[in-house]
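Presented below is the structure to which this report refers.
The values are calculated or read from the model by the stated rules, or taken from the named source; none is laboratory data. Just so it is clear, the model here is predicted, and its values are computed rather than measured. We place every Cβ from the backbone using ideal geometry, glycine too, and count neighbours over all the protein chains shown.
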Amino acid sequence: MPTLAFGETLGFWHHTMPDGMWLRSSPRASHISSPGGQFALSRWADEHDQKLGKIITIEQFRAYGSWFQDRAVPDLDPRLITNVERVDGEFAVSLSDGEQLLASRVVVAAGLGPFAYIPAVFEGLPRSLASHASATPDLEQFAGRSVAVIGAGQSALESAALLAEAGADVEILGRASSIYWLGNWSDGDGNGDQSVVPSQHPAETWRARRGLFWRPAPTEVGGRLSSWVGAAPDVMRRLPRGVRTPLTYHCIRPAGAFWLPDRMRSAKFALGRTVVSAEEREGRALLRLDDGSERSVEHVLLGTGYAIDVRRYPFLSPGVLADLRTVAGSPVLSKGLESSVAGLHFTGAPAAESFGPVMRFVVGTAYTAPALTQHLLGRRSPVFRWAF
């Protein structure tokens, strides 16, 4: 069957991620799936004389993504899809230039762009004073300015590191009483294997929590036990939601990469604190915390993550959404990542509610690509497949 692909290669990575960012995952967990690994990250590195260490820069990953697309999808159409409507058992797909075509199936791989989560307490602040990390790629503009970073996950922590390196006066405000530092995956450490001692500086001191004798799954998503369950999307899909949801959260709870502490020594931390009010005061953001203290800063950067809600995809028509079964904003998916709307499939983060945490990461393509392809071609799929 003919297949058409639309959109911009790694557009979210190009337009929202700051220069100087490093990937949390190691090279072994950053390959985009391809038959026989012919378009693996290591192949790109060999062709471009790039030495892959423990850390991948965003510049390397962007270049790898473009190289992958040139070889795997050379006929990518850069036009955007503006509307998907169900008509007589098919999909009427409208493009940004007004053209319309019919498709028997639609695969949504549209990323996280519309899902940036902004806590209600910050909604009253103007964009000039408060912005989500995904909408603020230029962090050097804050050199010499005071910035409060909200959150305790990778996005918030790395933004704080980049802000500090740019010369900003940075304080991290987080509800968590401590920060989980991910171990060095090349040494076999796992998610949450290290956590800070709350009474000491989070960027300098942490205690190792070891004892389990097995290594985590090569997905690098989860701990020594949870990562293996999370690396089996077919198993995750069959678990009761009451088990699957907390397990998924455990695997992707807010955490920072092992290489961040050394880059954050100039940052201040206020952990176990919640911002209860935020207002503009004389051109600055005045934040009141739950302990009664206040912060007056020139900008608030929200590293508060994403709240999946596929109804916010602007191209899904009301008619499609009316027939789409969702749970907590995510589509309920069956085999082949197919939704309740026959022929409509979802990949990436929206698939995590059904298939588990690896769907949020590049490594999840190791499961998604073959599972989706075999389903679309009508081929019999194995009962079980690892996501690596």
When every residue in region 84-108 that is loosely packed, with under 15 Cβ neighbours inside 10 Å and hydrophobic (A, V, I, L, M, F, W, C) is compared, the one farthest from the chain's Cα centre (by Cα) is VAL87
Could you list all residues from region 224-259 that are small (Gly, Ala, Ser) and in contact with a Ser or Thr (Cβ under 8 Å, 6 or more places away or on another chain)?
-> SER227, GLY230, ALA231
Picked from region 325-346 (must be part of a strand (DSSP E or B) and of a type in the set (A, V, I, L, M, F, W, C)), the residue nearest to ALA110 (Cα to Cα) is PHE346
For region 223-250, how many residues meet the condition of being modelled with pLDDT of 95 or more and either in the same structural domain as ALA366 (by TED's automatic domain parsing) or outside any helix (DSSP H, G or I) (or both)?
-> 4
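What residue, of ARG62, ARG79, is free of Cβ contacts under 8 Å to residues at least 60 places away in the same chain, of a type in the set (D, E, K, R), at negative phi and assigned by TED's automatic domain parsing to the domain that holds ALA322?
ARG62
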If a residue has to be at negative phi and not in a helix (DSSP H, G or I) to count, how many in region 347-388 make the cut?
-> 13
For region 1-48, name all the residues that are more than 24 Å from ALA133 (Cα to Cα) and of a type in the set (A, V, I, L, M).
-> MET1, LEU4, ALA5, ILE32, ALA40, LEU41, ALA45
Residue count, region 12-37, condition in contact (Cβ under 8 Å) with a residue 24 or more places away in the chain, of a type outside the set (Ser, Thr, Tyr) and more than 25 Å from PHE258 (Cβ to Cβ), comes to 2
Under 30 Å from PRO350 (Cβ atoms), polar (S, T, N, Q) and touching a Gly at 6+ places or on another chain (Cβ under 8 Å): does that describe THR245?
-> no
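Matching residues to (1) touching a residue at least 24 places away in the same chain (Cβ under 8 Å); (2) surrounded by 16 or more Cβ atoms within 10 Å (Cβ to Cβ); (3) among the charged types (D, E, K, R):
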{"residue": "HIS299", "(1), (2), (3)": "yes, yes, no"}
{"residue": "ARG311", "(1), (2), (3)": "no, no, yes"}
{"residue": "GLY319", "(1), (2), (3)": "yes, no, no"}
{"residue": "LEU324", "(1), (2), (3)": "no, yes, no"}
{"residue": "VAL327", "(1), (2), (3)": "yes, no, no"}
{"residue": "LYS335", "(1), (2), (3)": "yes, no, yes"}
